[in-house]
Amino acid sequence: MRKPKEKSAAAPALLPGRRDGSNAKLRPRAARQPATAYSAADIEEIFHRFSIQRPEPKGELEHVNAFTLLVAVVLSAQATDAGVNKATRALFAAADTPEKMAALGEEKVGDYIRTIGLWRNKAKNVIALSNALITDFGGKVPGEREALMSLPGVGRKTANVVLNMAFGQPTMAVDTHIFRIGNRIGLAPGRTPDEVEATLVRIIPEKYMRHAHHWLILHGRYVCKARKPDCPACVIADICKSAEKTTDIPAPLAPLEPLEATRQIIV
């Protein structure tokens, strides 16, 4: 006669937080790395210096109103500002409203912007967004990000540029220059433009946000360049934590002359 099986001892209670049924002690999670390599005081000083160097920074895309700014930014994707300006001077002289642009038609717009990369698709988007503005927004450029991003060819970066430049909103449009700086100097490391944007918006003092977008773009375009940073010309060289920097001595801090800025754009 078989003996009845003995009842096994009750299983010990599981430690909280375990999904695998084990009673191993939980390992402490590694501390989250800071999203920026700089202290609040460092960041305050960085943007203070930028504000002295360029008290009233301006975007370099030529435009006459919110609509032409929107079109110029759409056309600037994978193109230089100088190249876009060369093509849009005649275009905006002929069409500076959605109604006039739509009346030109896709083929005619294409003739104006043929020197810009991806011009066929961009001409299509310009006409489509012009019609959408007429149909959905009464021919006016909306001042809300979601509304702007509903337009053909308009992504988050384009919307942020328009909101900043045309409506004075403290947005951060992360282009290739800002993305590079955020990662290169450790100001706002991120794998995507959205990650870099989120960190910059969080860490930059509110009083600097109105112009921070332009300060960072111009710094990346003329000083912290893609191929070789011009560290001797950098006003934040002593604060910068980039492994690539070649000097700890900051450039003299003074407002840039307007003629110098103009000369840089032409070059």
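The values are calculated or read from the model by the stated rules, or taken from the named source; none is laboratory data. The structure displayed is predicted, hence computed values, not measured ones. As a convention, Cβ positions derive from the backbone with ideal geometry for all residues, glycine included, and neighbour counts pool all protein chains shown.
Given the condition modelled with pLDDT of 95 or more, surrounded by 15 or more Cβ atoms within 10 Å (Cβ to Cβ) and in contact with an Asp or Glu (Cβ under 8 Å, 6 or more places away or on another chain), answer yes or no: does some residue in the stretch 113-124 qualify? Within the stretch 113-124 (the criterion being modelled with pLDDT of 95 or more, surrounded by 15 or more Cβ atoms within 10 Å (Cβ to Cβ) and in contact with an Asp or Glu (Cβ under 8 Å, 6 or more places away or on another chain)), the answer is yes, since at least one residue qualifies.
Scanning the stretch 205-257 for residues that are within 22 Å of the chain's Cα centre (by Cα) and hydroxyl-bearing (S, T, Y) yields Y208, Y222, S242. Checked across the stretch 197-206, the condition of being among the basic types (K, R), surrounded by fewer than 16 Cβ atoms within 10 Å (Cβ to Cβ) and in contact (Cβ under 8 Å) with a residue 40 or more places away in the chain holds for at least one residue.
Across the stretch 207-256, the number of residues qualifying as of a type in the set (S, T, Y) and surrounded by 16 or more Cβ atoms within 10 Å (Cβ to Cβ) comes to 3. Sub-9 Å Cβ pairs linking a first residue in the stretch 98-109 that is without any contact (Cβ under 8 Å) to a residue 24 or more places away in the chain and farther than 16 Å from L151 by Cβ to a second residue that is among the aromatic types (F, W, Y) and in a helix (DSSP H, G or I), at least 6 apart or interchain, are L104/Y112, ordered by first then second residue. Would you check if there is a residue in the stretch 85-106 being under 14 Å from V64 (Cα atoms) and either outside the structural domain of G155 (by TED's automatic domain parsing) or under 24 Å from the mean Cα position of the chain (by Cα) (or both)? Checking the stretch 85-106: at least one residue is under 14 Å from V64 (Cα atoms) and either outside the structural domain of G155 (by TED's automatic domain parsing) or under 24 Å from the mean Cα position of the chain (by Cα) (or both). The residues of the stretch 52-87 that are assigned to a loop (DSSP other than H, G, I, E, B) and of a type in the set (S, T, N, Q), listed by number, are N65, S76, Q78, T80. Residue selection: T115 fails the criterion of being in a helix (DSSP H, G or I), more than 21 Å from the chain's Cα centre (by Cα) and not assigned by TED's automatic domain parsing to the domain that holds I217. Determine if the stretch 102-109 includes at least one residue that is within 28 Å of G168 (Cβ to Cβ) and either hydroxyl-bearing (S, T, Y) or assigned to a helix (DSSP H, G or I) (or both). Yes, the stretch 102-109 has at least one match.
Only one entry in D238, D230 is at pLDDT 95 or above and within 18 Å of A41 (Cα to Cα), namely D238. Being modelled with pLDDT of 95 or more, surrounded by 12 or more Cβ atoms within 10 Å (Cβ to Cβ) and of a type in the set (D, E, K, R) is true for just one of E60, E45. Which residue is that? Selected residue: E45, the only one of E60, E45 that is modelled with pLDDT of 95 or more, surrounded by 12 or more Cβ atoms within 10 Å (Cβ to Cβ) and of a type in the set (D, E, K, R).
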